[in-house]
Amino acid sequence: MTTVASERPVPRGLVAWAAATDHKRVGVLTGATALVLLLVNGSLALVMRSELAWPGTQVVGLKTYNELFTAHGSGMIYLVVTPLAMALGVYFVPLMVGAAEISGPRFALLGYWLYGCGAIAMYSGFLTQEGAARFGWTAFPPLSDSTNSPGLGSDLWLLGVSLAVTGMFVQSACILATIVRLRAPAMTMLRLPVFCWAMVVTTLMVLTTFPVLVVALVLLELDRQGVGVFTSPGGPAAYQHLFWFYGHPVVYVMFFPFVGALGEVIATFSRRRFFGYHAMVLSLLAFAALSMSVWAHHMFTTGQVTNQYFSLTSTLIAIPAGIEYFDLIGTMVGGSILYRTPMLFALGFLTLFLIGGLTGIMLASPPIDYHLHDSFFVVAHFHYTLFAGSMFAFFAAIYYWFPKVTGVFLREGLGKLHFLFLFVGTNLTFFPMFLLGEKGMPRRVGDYRGTDGFTGLNLISTIGAFVTAFAVGIFVWNVFVSLRRREPAGADPWGGQTLEWATTSPPPRHNFDALPPIRSFAPLLDLREGKA
Amino acid sequence: MSRPSVVFLIWGGLLMALALLLFAWTQSTLLNGLLVGAAVGTLVLALLALFARGPSRRFVPDVSLATVLTGVGIALAVAGVAVGTWLVLVGAGLTLVGLAAVARELRGA
């Protein structure tokens, strides 16, 4: 059932925001909450990096360190990057398909509240007597069972993650239903913008994998209550299969939406139509399907999986990934590129994600994985994909769409400074981790010996973390300054190509007064080129 | 590819093909079940998309406190599993009140 957006004056105040059914408000709420949690989890990372700067325990004890890396890892994945992706989808998909509303606005709001309450439950473990969960974001049994990880904090973490993941599942169902049911009449599937296609494959992965994680966590909680689910000899491996069946696709759930956003940014700032649209669509579908079949490459060293199959599918992913890279770069070729802040972040993504992607192919090879498994090399790899990749693309999207959401520009000078420090800080933080891993430093340890030869690289990494934090500080300051001293942006400040730029900034409650003709995936470009 | 159901069908087909390939390597019920389950789930989505109704008009209020109440109620009930039965009961009660209020909103639409 579709809803009719109210054309009454937009209600104001805290309650009007917290209980809003307007998809734009739900999107902003979800995104803002995730950004606040980004700062929280980033701060936890700074404490961990401070501890690792030198051998010995200076800042926190080992038990607290374990709690911190659990909160940091699970917070970033369950509460920050996935929700940021969903926030973009909830806000922009209805606009980009020419809909007046999201499908199931109450469900979208419900999704936000499940996510928010899940976050509170996860962190409330720090207030309990036994402390917060400290078994890593994966919660593998038997480490996470009630014998090895007793206490209310661990239970609250498990239930909190289940709630947050369910919230994201609900929002993702709303996004997909919007694409299925509420597209403007002329908006066929092959006229969907690249970002919407990215959201189609993302939501398909969410709908098919997130329930598996919830089931795994509920079974684990039952296990902790004494039911005995994963206590048999094959139990821990079975849990790992259930977990990674969610745990690997979620990497792409945290990737595709940002690549889709990047497609819009690069096309707009290259002043060109997106290159290889159909190839991009097919590669997204193939990429997403392959990413569902690679989960057990995380388990090569368990000896419980068929390495050949999972190595083959993991390596095959390089093909659709290469096509997507080719399309993104092809869009720039021959374009008249504007080097505004969103484009700088897009170029930063293309450079840095390549490092994350290529080291992923290395880890898809079982012999190399045996050597590097559970080392800092793996930490470097996934931070190059998730931070240097997804977060750079997210910042590109933020600088690009901020004028649409708020009606004002972010400051360009501060944006460029933010990019510069983030680029330097990211590489300073994460590149030494490759070398540390290669030298044998294991992940998830709060201390090492001075004689191990890890000190110099760890110190560089810690300095890099503080440079990164400074860069994020510039971004926060930029948002504050830009909202206080407003520089109006107008409806279409960048010369955008998709429908969200055909309405006011910010858009009205009902999104559009009228839609332009839709003849392709770039209707506004068609209009400018006289093709409409 | 012009209809969502076709897109879901293609994606479900790809998953099924990958599941068949996996079956050539291992007959593990869990491993094959996960991939086949996802493929079947996608095919069900394709069916749902095929029969999905187009937009229809229904008024939705700008603010829905009933939905918030439902969400908070569910969360409290779930947290109650760890904290205690009393919280499960409080959460379940709030959820019921929230759902009743949502129903009232829908009736008034």
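The values are calculated or read from the model by the stated rules, or taken from the named source; none is laboratory data. Computed from a prediction, not measured in an experiment: that's the story for all the values here. Every residue, glycine as well, gets a Cβ built from its backbone with ideal geometry; the counts of neighbours run over all protein chains shown. These area figures cover heavy atoms from the full protein model, side chains too; ligands, DNA and RNA do not enter into them. Shrake-Rupley method; radii C 1.70, N 1.55, O 1.52, S 1.80 Å.
Structure data summary
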item	result
Computed helical MRE - 222 nm, chain A, DSSP H runs ≥ 4 contributing -39500 (n - 2.57), nearest 500	-21000 deg cm²/dmol
Residues with amide H under 5 Å from that of A:Ser375, placed H, sequence gap 5 or more	A:Arg443
Cβ neighbours within 10 Å from other chains - mean over B:5-16	4
Folded to 0 to 90 degrees: helix A:105-124 orientation relative to chain A principal axis, Cα	30 degrees
Number of partner chain Cβ atoms within 10 Å, mean per residue of A:198-211	3
Rg to Rh, two decimals, where the range A:148-230 supplies the alpha carbon set and Rh follows Kirkwood	1.20
Carbon/sulfur fraction of accessible area - the protein assembly as shown, other protein chains in place, 1.4 Å, %	70 percent
Net lengthening on full extension, A:Val481/A:Thr188 (0.36 nm per residue, minus Cα-Cα)	101.4 nm
Filtered trypsin sites (Lys or Arg not before Pro), the range B:12-109: DSSP coil and at most 14 other beta carbons within 10 Å	B:Arg53, B:Arg57, B:Arg58
Under 20 Å from the Cα of A:Lys63 - aspartates and glutamates, other chains or at least 8 residues apart	A:Glu51, A:Glu130, A:Asp145, A:Asp155, A:Asp374, A:Asp447
Qualifying trypsin sites (Lys or Arg not before Pro) in the range A:359-465, DSSP loop, other Cβ atoms within 10 Å at most 12	A:Arg449
Inter-probe distance in nm under a simple model that places probes 7 Å from Cα toward Cβ, at B:Arg104 and A:Ala491	4.1 nm
Stretch gain in nm, segment A:Thr57-A:Thr231, where the contour uses 0.36 nm per residue and the Cα spacing is subtracted	59.2 nm
Nonlocal amide H pairs with A:Val408, under 5 Å, H built at 1.01 Å	A:Ala489
Those residues of the range B:51-81 whose amide nitrogen sits under 19 Å from the label point placed on B:Val90, 7 Å along Cα→Cβ	B:68-81
Local electrostatic count, B:Leu69, Cβ distance below 13 Å [Lys/Arg +1, Asp/Glu -1]	+1
Cα gyration tensor shape of chain B, rounded if a/c is under 1.5, else prolate or oblate by comparing a/b with b/c	oblate
Fully extended contour minus Cα-Cα distance, from A:Val333 to A:Leu143, at 0.36 nm per residue	63.3 nm
Karplus-derived 3J(HN,Hα), 6.51/-1.76/1.60, for each residue of the range A:187-197, Hz, glycine and proline x	7, 6, 4, 7, 10, 5, x, 4, 4, 5, 5
Cα shape, the protein assembly as shown, gyration tensor, a/c 1.5 rule	rounded
Per-pair calculated FRET efficiency, R0 = 22 Å: A:Leu222 and A:Gln129 via Cβ, rounded to 0.05	0.45
Using θ = phi - 60° and Karplus 6.51 cos²θ - 1.76 cosθ + 1.60, couplings along the range A:314-329 (whole Hz; Gly, Pro as x)	5, 6, 4, 4, 4, 6, x, 4, x, 4, 5, 4, 4, 5, 5, 6
Chain pair B, A: total accessible area buried, heavy atoms, 1.4 Å probe, Å²	5000 Å²
Computed E for A:Thr504/A:Ala279 - FRET, C-beta separation, R0 51 angstrom, nearest 0.05	0.90
Cα-based shape type of the range B:15-73, given that a ≥ b ≥ c are square roots of the gyration tensor eigenvalues and the cut on a/c is 1.5	oblate
Partner lysines for A:Lys24 [C-alpha distance under 25 Å; skip if fewer than 8 residues away on the same chain]	A:Lys404
In sequence order, calculated HN-Hα J values of the range A:398-415 (Karplus, 6.51, -1.76, 1.60; Hz; x Gly/Pro)	4, 5, 6, 9, 3, x, 5, 6, 10, x, 10, 7, 7, 5, 5, x, 5, x
Local electrostatic count, A:Tyr112, Cβ distance below 13 Å [Lys/Arg +1, Asp/Glu -1]	+2
A:Ala514 paired with B:Arg53, simple spin-label distance in nm, labels 7 Å along Cα-to-beta-carbon	3.1 nm
Virtual spin-label span in nm between A:Ala32 and A:Lys531, 7 Å along Cα→Cβ	3.9 nm
Accessible area per residue, Å², chain A with all protein chains present, probe 1.4 Å	33 Å²
Efficiency of FRET from Cβ geometry, A:Asp374 and B:Leu20, R₀ 51 Å, rounded to 0.05	0.95
Heavy-atom accessible area, 1.4 Å probe, ligands and nucleic acids excluded: residues of the range A:257-291 down by at least 20 Å² from chain alone	A:Leu285, A:Ala289
Helix A:256-269 vs. chain A, principal-axis angle (Cα, 0 to 90°, nearest 10)	40 degrees
